[in-house]
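Step one of this worksheet: look at the structure below.
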Amino acid sequence: MTARRWIEHWDPEDEVFWAETGEKVARRNLLFSVLSEHIGFSVWTLWSVLVLFMGPEYGLTPADKFLLTSMVTLVGAVVRVPYTFAVAVFGGRNWTIISASLLLVPTVAAFTVMEPGTSFSTFLWVGLLAGIGGGNFASSMTNINAFFPLRKKGWALGLNAGGGNIGVPVIQLVTLAIIGASGGPRVLLGIYIPLIVVAAVLAALFMDNIASVKNDTGAAVDAAKDAHTWIMSFLYIGTFGSFIGYSFAFGQVLTNQFGRTPLQAAYLTFVGPLLGSLIRPVGGRLADRYGGARITLWNFVAMAAATAVLVVASMEKSLPLFVAVFVVLFVLSGLGNGSTYKMIPGIFQAKALAKGLEGEEAAAYGRRLSGASMGLIGAVGALGGVGINLAFRQSFLSYGSGTGAFVAFLACYGAAFAVTWAVYLRRPARQIPAKAAATEAEPQLSYAEV
């Protein structure tokens, strides 16, 4: 580590600083953050692909496979909290090196045990290790949030997250290519081991730490006490929780409900996550322009409509309709991912202005609370993926299909729509005064533009 990798002065809200210095540095860090997070997502979702090709010789039931993927998702959600605060402890660059290197542990472990005869408990413990790949998202988003000005956060956070999310379809495509070439799971794992090393080395060479990013336990406490943190966590369950949950479960639904072979399922499963990942920056860009709350609201309407069609397709056992609409649902989840994450810094910036803060003081307040809240929101949102896999597991055990799970998801999207409207769009927008009087009660503000 060299001194030049620590940036002492960083003020992206200063337009002169941004144009002369900040944008170039921020974009460079964004690029290599995306690479590391991308591989982290691939490692995290590795088992969603591996279980498809673990045939009868492995001795796992469909319920075992859904339980395995649920637990991998759970670990990925939980580790997002400490990963969020690791950026301030170690520095964004330094933690990216560490977190990328840690991905070697689950990859090498899976390479070692991946053979028939290994017990389910061993597969479960090794799968749990892969959950650390889910933590890379939280640290990466917290780090990139500090690099970009508020007016660019929707695009930057959307691109960062979308580039990471695309690790899901990439691992599925790579697996499809390897299986098609008569390779095995160990060949897949062997490919990712050197890629992990490359990501860590590139982070060391080209990323930076921002010295002003410090852990603020008060900020973490304030974020946890703020109702908006938990409201946005619920909304993020509906968007990202759907994306990661469906990414883990889609292939298993195709094999168990529609009788597709693992290879046939693999030809279909990558399309939805790919499109959902690519469109996430678009969700952020639309939120920058029209307001995250508005985009999120109508996105939940569309997700509910798509889920209702999925219920029909599932009951009618129509594979073409089922796959087509499931892909649409992936796209909508990706769009909502971008719009909901854009809302977070905007909400806390609005609260800063309501307190009478302005200029850099308001921006610092917004960064402080939005950075602290992102880890909690990302962790709780990822728990939606656990719920989706457990819902599918129970639905198949109870009804022999995923129809019951889709009905539950439809109700959840309806609730998310209602919350978005009631909290962020119900009151008519009115201008926030430049210098609002500070009171103990929070002003009744509209967040329609966040």
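The values are calculated or read from the model by the stated rules, or taken from the named source; none is laboratory data. Note that the structure is predicted; figures quoted are calculated from it, not measured. When we count neighbours, we look across all protein chains shown, and the Cβ atoms used for this are built from the backbone with ideal geometry, even at glycine. Side chains are part of the model used for accessible areas, which takes the heavy atoms of the whole protein and leaves out ligands, DNA and RNA. Shrake-Rupley method; radii C 1.70, N 1.55, O 1.52, S 1.80 Å.
Values for this structure:
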quantity: Filter pass, A352 being in contact (Cβ under 8 Å) with a residue 12 or more places away in the chain, in contact with a Gly (Cβ under 6 Å, 6 or more places away or on another chain), over 20 Å from R289 (Cα atoms) and in a helix (DSSP H, G or I); calculated: yes
quantity: Boolean, S33 is open to solvent by less than 10 Å² (accessible area, probe 1.4 Å), of a type in the set (S, T, N, Q) and within 23 Å of T255 (Cα to Cα); calculated: no
quantity: Residues within the range 61-101 that are at pLDDT 95 or above, surrounded by fewer than 19 Cβ atoms within 10 Å (Cβ to Cβ) and not β-branched (V, I, T), tallied; calculated: 1
quantity: Count of the range 147-173 residues which are among the basic types (K, R), surrounded by fewer than 24 Cβ atoms within 10 Å (Cβ to Cβ) and closer than 20 Å to M207 by Cα; calculated: 1
quantity: Residue match in the range 116-125 (condition: open to solvent by less than 10 Å² (accessible area, probe 1.4 Å) and under 24 Å from A382 (Cα atoms)); calculated: yes
quantity: Some residue of the range 78-92 being within 20 Å of R186 (Cβ to Cβ), touching a residue at least 60 places away in the same chain (Cβ under 8 Å) and either charged (D, E, K, R) or in contact with a helix residue (DSSP H, G or I) (Cβ under 6 Å, 6 or more places away or on another chain) (or both); calculated: no
quantity: Residues located in the range 91-114, provided they are under 29 Å from I210 (Cα atoms) and not in a helix (DSSP H, G or I); calculated: G91, L103
quantity: Matching residues in the range 16-29 - criterion: being open to solvent by 10 Å² or more (accessible area, probe 1.4 Å) and either among the small types (G, A, S) or in contact (Cβ under 8 Å) with a residue 40 or more places away in the chain (or both); calculated: W18, A19, V25, R28
quantity: Of all residues in the range 128-143 being surrounded by 24 or more Cβ atoms within 10 Å (Cβ to Cβ) and at pLDDT 90 or above, the one that is farthest from S370 (Cα to Cα); calculated: A130
quantity: Condition broken by T403, with the remaining ones in (1) out of contact with any Phe, Trp or Tyr (no Cβ under 6 Å at 6 or more places or on another chain); (2) within 28 Å of A220 (Cβ to Cβ); (3) not aromatic (F, W, Y) satisfied; calculated: (2)
quantity: Selection count, the range 384-417, where residues are within 21 Å of the chain's Cα centre (by Cα) and open to solvent by 70 Å² or more (accessible area, probe 1.4 Å); calculated: 3
quantity: Only one of V197, V201, V309, V213 that is in contact with a helix residue (DSSP H, G or I) (Cβ under 6 Å, 6 or more places away or on another chain), under 26 Å from I97 (Cβ atoms) and open to solvent by 10 Å² or more (accessible area, probe 1.4 Å); calculated: V213
quantity: In the range 102-112, residue surrounded by the fewest Cβ atoms within 10 Å (Cβ to Cβ) [restricted to those that are without any contact (Cβ under 8 Å) to a residue 40 or more places away in the chain and β-branched (V, I, T)]; calculated: T112
quantity: Whichever residue in the range 174-194 is at pLDDT below 80 and among the aliphatic types (A, V, I, L, M) and, among such residues, is surrounded by the most Cβ atoms within 10 Å (Cβ to Cβ); calculated: I179
quantity: Top-ranked residue in the range 163-209 [being assigned to a helix (DSSP H, G or I) and hydroxyl-bearing (S, T, Y); ranked as nearest to S333 (Cα to Cα)]; calculated: T175
quantity: Conditions (1) of a type in the set (S, T, N, Q); (2) open to solvent by 10 Å² or more (accessible area, probe 1.4 Å); (3) modelled with pLDDT of 90 or more; number of the one not met by Q252; calculated: (2)
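Residue-wise test of (1) part of a loop (DSSP other than H, G, I, E, B); (2) on the phi > 0 side of the Ramachandran plot; (3) open to solvent by 10 Å² or more (accessible area, probe 1.4 Å).
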position	(1), (2), (3)
G259	yes, yes, yes
L268	no, no, yes
A287	no, no, no
A302	no, no, yes
A324	no, no, yes
T340	no, no, no
G366	no, no, no
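Matching residues to (1) among the charged types (D, E, K, R); (2) closer than 19 Å to I237 by Cα:
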| position | (1), (2) |
| --- | --- |
| G76 | no, yes |
| R80 | yes, yes |
| V89 | no, no |
| N94 | no, no |
| I98 | no, no |
| L102 | no, no |
| V105 | no, no |
| A109 | no, no |
| T118 | no, no |
